[in-house]
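Down below is the structure, laid out as structure tokens.
The values are calculated or read from the model by the stated rules, or taken from the named source; none is laboratory data. Predicted, not measured: the structure shown is a model, and the values here were computed from it. All Cβ positions, glycine included, derive from the backbone under ideal geometry; neighbour counts span all protein chains shown. Just so you know, the surface numbers come from the protein's heavy atoms only, side chains and all, with ligands and any DNA or RNA stripped out. Shrake-Rupley method; radii C 1.70, N 1.55, O 1.52, S 1.80 Å.
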Amino acid sequence: MAELVPFLLSRGYAPNERAPSERELAERFRASRTQVREALSVLETLRLIERRPKSGVYMTVESASIEALRLFTEIGVPLPGDEGGQAAEVRRIQELEAIRLACRRHRDEDIDALRRCLADWEDAFDDPARIAELDRVFHSGIVRATQNTVLLRLVNVFYLMTERRRAVYFGNLARQQQSLREHMEILDALVARDEERAVRLLEAHMSGADSYWQDLVARV
């Protein structure tokens, strides 16, 4: 499937355009019809394709599920159109609302987990991969403090989608240290249940990271 998805997407099929048949795909990838059928079943579940009886396989990327966006990231396929930017926008909306809810609903164990995360952060400087994971743990911990498991699952998908780029971002020690300071301030506002300050700090924190990526892309 890691080869099948890039192949289908790179061909530039229009929405609802017919794709190669199971037989043609099996021949191209030197796989059995059963293997291709299983791979197509997964893609259909993710709403990347639709198999129409006695008609064929049709592309439906425009209605792809959130899980499909994560799959694109894992196998190195760019998100269609401006969906990368749109995904970042959705994540921002979710997290800003999440921290409001977390200020109202957080429990002692939620705060303890966030404090442990930041303590581990101080011991992980110069390990970009570890810092990137702790960044995910911290932000997911805020969402966990909303006591809304559906929201947590949605946000976790977006963090899995940005795993590689966060490792790049935290390759710089100064950014590791600055992010820790910002996280500490956010946590202080959360503990105080100060919604407006928590939102303001989180928005500034996320805007700083977004600005880094926008500047980097502009220089390429």
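Here are the numbers for the structure shown:
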quantity	calculated
Under-5 Å amide H pairs with Ala19, H placed in peptide plane, nonlocal only	Val57, Tyr58, Met59
Sites Arg28 and Glu89 - FRET efficiency at Förster radius 35 Å, r taken between beta-carbons, to 0.05	0.45
Point-charge dipole on Cβ atoms (K/R +1, D/E -1) for region 92-141, about Cα centre, debye to 20	420
Heavy atoms of Arg153 accessible to a 1.4 Å probe, total area in Å² rounded to 10	150
